[in-house]
Amino acid sequence: EDVAGIVSLLSMADVPDAVRAAAVWVIYELRTKDFDSDRDAPPETPGLLRLVLHSLQQRPQSEAVLKACCLTVEVLVRDDPHIAQELCQSGGVPLLFRSLQTAADFGDAGCEIAGACAHALATVSHVLCAAEVRALLQESCAAQVLLQIAIRGGGTPAEENAMVSLGHLAGLDGVVEAMMRYPDTPAVVRGGLDALVELLPEVSNDADELRKLPGVLRFLMELKERADLPDSAIRCRRKCVAAICAVVRVLAPHAVPGQLPEFDGAVRALLDGLRSEPFSDRSMHLEITELIVETLGRVGLLNYNWRVTLQRGGALDCAAEIIRRLHDNRRLMKYSFWFSAALAGLPFVVPEMRQNLHSAEVT
């Protein structure tokens, strides 16, 4: 791990693209090891960042160099405001914009590069919390480039990932707007749902973003209704439920029964889903049931009135049915006992344990 050798190599002008890319990948691997070991960035990191940006500027059309540099920039600035500041001061922001556009021209091969650029740019805006940087990101064509990748129509994971990257750049509004604009494009919808699940925990303390969530929840409920139709072209049931649960978890501390119609409707729909979900099938249905049980349990824990409402709605009966039928699914059994305890406490849980003492998962 001779960093001095890497610095010397990247400082040279006439270095073959394959060699330059390999040298940059060494920096990527070193920083990744720092993350895995929970170590701070070493003091030479700003200098390494400048060298990577220099390579990116020197060889912007080389796919090998572009990929190595963009992914390395993303890992260097991740969660580090000092390195993000260095990126801005070194002219890295417009360079990443140009790299993102170039990556889009590479087709599917460029999607990972475009995603790395978008994540690095999003890190700059979120870590620094600088209004001017955020405005620059949002007013640039970066989000449009990512959307163009997502709507190519191949339905590939790379296209879905472009929507996740767009979310980190454009926020909730940008994701929902794209999903509403292209409701029949699978990658936009499926990737948009993944983006919402990633973004929602970040808005829990943002009053402006919280005010948008009832509308987002209404949109997601309508989307799920369309996706559940037999002839729907979009297969996204699990992702849709995950996004709805993510919104409910964020809104739960701020809503009591009867306060937000959208929230009330979502909780009712989740409870209905718990009754109707064929959770004996070991597949997507189990994942959906876990999501619903965990989400409704959190809602009940946060508010006494919701605990009463869920009990009256038959939530305890649903939990008891899961416990009795799925003895060999430790994860769902755990969630179901926890859910029951959240709603009714030990008076409900202890009898259920007595009835299921033969199950290793219970004991």
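The values are calculated or read from the model by the stated rules, or taken from the named source; none is laboratory data. All values derive from a computational prediction rather than experimental measurement. Using ideal geometry, Cβ is built from the backbone for each residue, glycine included, and neighbour counts are taken over all protein chains shown. Surface areas here come from the heavy atoms of the whole protein model, side chains and all, with no ligands, DNA or RNA. Shrake-Rupley method; radii C 1.70, N 1.55, O 1.52, S 1.80 Å.
Scanning region 10-28 for residues that are farther than 14 Å from C69 by Cβ and either open to solvent by less than 30 Å² (accessible area, probe 1.4 Å) or in a helix (DSSP H, G or I) (or both) returns a single hit, S11.
Apart from one condition, R50 fits all of (1) within 32 Å of the chain's Cα centre (by Cα); (2) modelled with pLDDT under 90; the exception is (2). Applying the criterion of being modelled with pLDDT of 80 or more and in a loop (DSSP other than H, G, I, E, B) to the residues of region 313-363, the residue that is nearest to D264 (Cα to Cα) is G313.
For region 225-234, the count of residues that are closer than 30 Å to R330 by Cα and open to solvent by 30 Å² or more (accessible area, probe 1.4 Å) is at least one.
Of everything in region 7-47 that is modelled with pLDDT of 90 or more and of a type in the set (D, E, K, R), the residue that is nearest to the chain's Cα centre (by Cα) is E29.
Residue under question is M179, and the condition is that it be surrounded by 19 or more Cβ atoms within 10 Å (Cβ to Cβ), of a type in the set (A, V, I, L, M, F, W, C) and farther than 24 Å from L270 by Cα; does it hold? So M179 does not fit the description; no. Which residues, counting only those in region 292-310, are within 18 Å of G265 (Cβ to Cβ) and crowded, with 20+ Cβ neighbours inside 10 Å? Matches in region 292-310: I292, T295, L296, V299, G300, W306, T309, L310. Considering the conditions (1) in contact with a Leu (Cβ under 8 Å, 6 or more places away or on another chain); (2) crowded, with 16+ Cβ neighbours inside 10 Å; (3) not small (G, A, S), L210 is excluded by exactly one of them, (2). Any residue that is at pLDDT 80 or above, assigned to a helix (DSSP H, G or I) and more than 21 Å from L66 (Cβ to Cβ) - is there at least one of those in region 131-142? No, region 131-142 contains no residue that is at pLDDT 80 or above, assigned to a helix (DSSP H, G or I) and more than 21 Å from L66 (Cβ to Cβ). Within region 255-276, residues that are within 11 Å of I244 (Cβ to Cβ) and assigned to a helix (DSSP H, G or I) have Cβ atoms under 7 Å from residues that are open to solvent by 40 Å² or more (accessible area, probe 1.4 Å) and not acidic (D, E) in these pairs: E262/R218; G265/M221; A266/M221; A269/M221, counting only partners at least 6 apart in sequence or on another chain.
When V216, V241 are checked against the criterion of being over 28 Å from A344 (Cα atoms), buried (at least 22 other Cβ atoms within 10 Å of the Cβ) and out of contact with any strand residue (DSSP E or B) (no Cβ under 9 Å at 6 or more places or on another chain), V216 stands alone in meeting it.
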